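Chemist: After the structure tokens below, expect a handful of questions from me.
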């Protein structure tokens with residue numbers, strides 16, 4: 001093995017040790033107790049794992065799972081469903097549930113993630129724009145929310161929904177902290193008390209001790225094949241928040257006359273419960289991997305986000321590579337280091353919903369699960385790759401070592 005790489009990894013671990021102690025001894029412990037208490041409060045039992053069919057009336061497993069999520073997130077209500085196919089789907093039903101013709105959606109963290117752009121502004125595909133919903137956008141300033149521009153906009157406009165994207169998407173920025181979100185909510189409420197504040201919570205669950213709905217956010221949504229599913233949930237998404245708002249979203253998930261009274265699942269609900277229970281520990285492993293990658297690549301001279309020795313605010317490490325070839329080699333290394341499909345060589349391709357060719361490495365047990373170790377990047381300058389997830393810290397360390405050997409001479 002490359003001696004230089006091994007020395008870099010060892011040095012990075014030594015530098016990271018103080019952050020690792022905070023993650024394991026404080027954040028993960030706190031979140032594990034929070035989740036455990038929610039399970040005990042709602043008296044989770046074996047009967048809640050039983051599958052249902054047809055309409056799923058009185059599905060105690062589905063309803064109890066939603067109640068557990070609501071408690072964990074400090075929210076009034078929740079929808080947790082295997083019938084939500086992705087994070088984009090969870091966000092889409094939330095937007096369509098809350099917005100009506102002539103309403104305005106304001107995004108204050110710049111452009112949303114690529115797959116949401118067509119949901120908002122697509123032409124003749126059933127987008128929000130097709131249904132007469134207006135859209136406005138305020139970009140970040142130096143990587144943080146531009147509160148001055150937000151104030152100027154709100155002084156003369158009244159958006160129905162104000163959306164915050166917590167993670168970075170394909171932007172070169174750090175994710176937002178809970179403190180960033182709390183300050184923004186307080187700032188907005190002094191100007192506009194009626195606007196619904198919504199957070200795209202993908203990649204952010206259990207990173208810190210609090211969730212957005214515990215600091216004043218009205219509603220947030222995310223995916224179960226990211227943090228909140230703990231690497232166990234096979235599919236699904238969630239929406240948590242104010243009861244009246246979650247009810248409106250339920251009408252979009254099924255039908256206005258039905259809401260969340262129906263919705264069966266013929267598989268066992270056990271993976272969703274078990275995944276949530278494991279999530280604080282799994283996310284802790286992923287955060288530690290992110291820190292290791294950030295410090296290691298910084299030591300090698302690469303520009304990274306989050307910066308080395310800074311506590312991450314999501315489970316993603318962004319890396320600026322020197323060339324497209326270097327970027328592709330690193331991401332292919334992630335695939336070769338995976339437990340599933342390790343023999344497959346990923347190549348850039350035109351992926352639906354993206355503006356550029358994208359390369360993705362995801363040798364995961366659950367297809368596309370980005371809480372499992374994975375990597376992706378659009379093939380465009382600057383050549384930024386996004387490394388995320390990791391069910392175990394040990395696997396992340398092995399994979400990072402092998403990836404670095406592919407680019408370090």
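Chemist: Just a yes or no: is a residue in the range 335-348 without any contact (Cβ under 8 Å) to a residue 60 or more places away in the chain, closer than 30 Å to residue 14 by Cβ and out of contact with any strand residue (DSSP E or B) (no Cβ under 6 Å at 6 or more places or on another chain)?
Modeler: Yes: the range 335-348 contains one or more residues that are without any contact (Cβ under 8 Å) to a residue 60 or more places away in the chain, closer than 30 Å to residue 14 by Cβ and out of contact with any strand residue (DSSP E or B) (no Cβ under 6 Å at 6 or more places or on another chain).
Chemist: Looking at 156, 109, which is the one that is farther than 30 Å from residue 385 by Cβ and either part of a strand (DSSP E or B) or at pLDDT 95 or above (or both)?
Modeler: The conditions single out 156.
Chemist: Give the residue that is surrounded by the fewest Cβ atoms within 10 Å (Cβ to Cβ), with candidates limited to residues of the range 196-221 that are on the phi < 0 side of the Ramachandran plot and either free of Cβ contacts under 8 Å to residues at least 40 places away in the same chain or not assigned by TED's automatic domain parsing to the domain that holds residue 82 (or both).
Modeler: Checking each candidate, the answer is 215.
Chemist: If you don't mind, another one. Is it true that residue 139 is farther than 30 Å from residue 48 by Cβ, assigned to a loop (DSSP other than H, G, I, E, B) and at pLDDT 95 or above?
Modeler: Spelling it out, residue 139 is indeed farther than 30 Å from residue 48 by Cβ, assigned to a loop (DSSP other than H, G, I, E, B) and at pLDDT 95 or above.
Chemist: Something else: Filter the range 393-408 down to the residues that are part of a helix (DSSP H, G or I) and in contact with a helix residue (DSSP H, G or I) (Cβ under 7 Å, 6 or more places away or on another chain) and list them by number.
Modeler: Within the range 393-408, 393, 396, 397, 399, 400, 401, 402, 403, 404, 405, 406, 407 qualify.
Chemist: Here's a follow-up. Looking at (1) under 16 Å from residue 178 (Cβ atoms); (2) in a loop (DSSP other than H, G, I, E, B); (3) touching a strand residue (DSSP E or B) at 6+ places or on another chain (Cβ under 9 Å), which is the one condition that is false for residue 210?
Modeler: If we test residue 210 against (1) under 16 Å from residue 178 (Cβ atoms); (2) in a loop (DSSP other than H, G, I, E, B); (3) touching a strand residue (DSSP E or B) at 6+ places or on another chain (Cβ under 9 Å), just (3) comes out false.
Chemist: It is to be established whether one or more residues within the range 273-288 are under 17 Å from residue 56 (Cβ atoms) and either surrounded by fewer than 22 Cβ atoms within 10 Å (Cβ to Cβ) or touching a residue at least 60 places away in the same chain (Cβ under 8 Å) (or both).
Modeler: Yes.
Chemist: On the basis of being outside any helix (DSSP H, G or I) and farther than 23 Å from residue 9 by Cα, does residue 386 make the cut?
Modeler: No.
Chemist: Identify all residues within the range 349-366 that are touching a residue at least 40 places away in the same chain (Cβ under 8 Å) and either more than 21 Å from residue 201 (Cβ to Cβ) or crowded, with 21+ Cβ neighbours inside 10 Å (or both); write none if there are none.
Modeler: If the condition is that a residue be touching a residue at least 40 places away in the same chain (Cβ under 8 Å) and either more than 21 Å from residue 201 (Cβ to Cβ) or crowded, with 21+ Cβ neighbours inside 10 Å (or both), then 354, 355, 365 are the ones that fit.
Chemist: Do you know which of the residues in the range 123-135 that are touching a helix residue (DSSP H, G or I) at 6+ places or on another chain (Cβ under 7 Å) and on the phi < 0 side of the Ramachandran plot is surrounded by the fewest Cβ atoms within 10 Å (Cβ to Cβ)?
Modeler: Only one residue tops the list, namely 125.
The values are calculated or read from the model by the stated rules, or taken from the named source; none is laboratory data. Quantities reported herein were computed from a predicted structural model and do not represent experimental measurements. Neighbour counts run over all protein chains shown; Cβ positions are idealised from the backbone, glycine included.
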